[in-house]
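Each remark here refers to the structure printed beneath this line.
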Amino acid sequence: MTKDRLIDMQVINNEGNIVGKVQDIAFVVGKVGSMNLIVTTKEGKNIEIPWEDIQAAGDFVVLKSSGIPSQSAAGQPTGTQQGQPTQQKTCPTCQGPLTWIPQYQRWYCYKESKYV
C-alpha cells in the first residue's frame, strides 16, 4: 500500500463507524517499523493512530477497536505525564493545529511539515 493510496482514505472503527480521514503518515526516527497515520476526525481534530492499531486497509482503513487511541482529539497527550502539555496549540505561521511529539518534546505542524 502506497502513501498516495492511503492519503484521503476514510478510517472506520471495527463497528463500521467513521472515525475520520487519513491526512498523512508519520515515522518515528530511530524506531524501526514505527509508523503512525495522521487522521483528521469528523470534528476536524488531528489524531495519530499507530500502524499496529490498524486491522486492515483496502478501500478504507479499519481499526482493531471501536474507539480511537488514548490521545485527545487534538492529537496530543491527555495527561501531564513526562512534562507533556495538555493545551492545544496552533501554528504561528499557518494557524493550523499542532501535534505534540513526545519523543522530541516538541510541537509539530503537519500542514507545514516542521517543528515550531
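The values are calculated or read from the model by the stated rules, or taken from the named source; none is laboratory data. Remember, it's a predicted structure, so these values are computed and weren't measured experimentally. Using ideal geometry, Cβ is built from the backbone for each residue, glycine included, and neighbour counts are taken over all protein chains shown.
Summary of values
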quantity	calculated
Count of residues meeting criterion [assigned to a strand (DSSP E or B) and either touching a residue at least 60 places away in the same chain (Cβ under 8 Å) or not small (G, A, S) (or both)] in the range 36-60	13
Among (1) surrounded by fewer than 14 Cβ atoms within 10 Å (Cβ to Cβ); (2) among the acidic types (D, E); (3) assigned to a strand (DSSP E or B) - the single one E15 does not satisfy	(3)
Residue list for the range 26-50, filter: among the aliphatic types (A, V, I, L, M), closer than 14 Å to I101 by Cα and touching a strand residue (DSSP E or B) at 6+ places or on another chain (Cβ under 9 Å)	A26, V28, M35, L37, I38, I47, I49
Of all residues in the range 82-108 being assigned to a strand (DSSP E or B) and of a type in the set (F, W, Y), the one that is modelled with the lowest pLDDT	W100
Candidates G33, G67, G75, G79 - the one that is modelled with pLDDT under 80, part of a loop (DSSP other than H, G, I, E, B) and touching an Asp or Glu at 6+ places or on another chain (Cβ under 6 Å)	G75
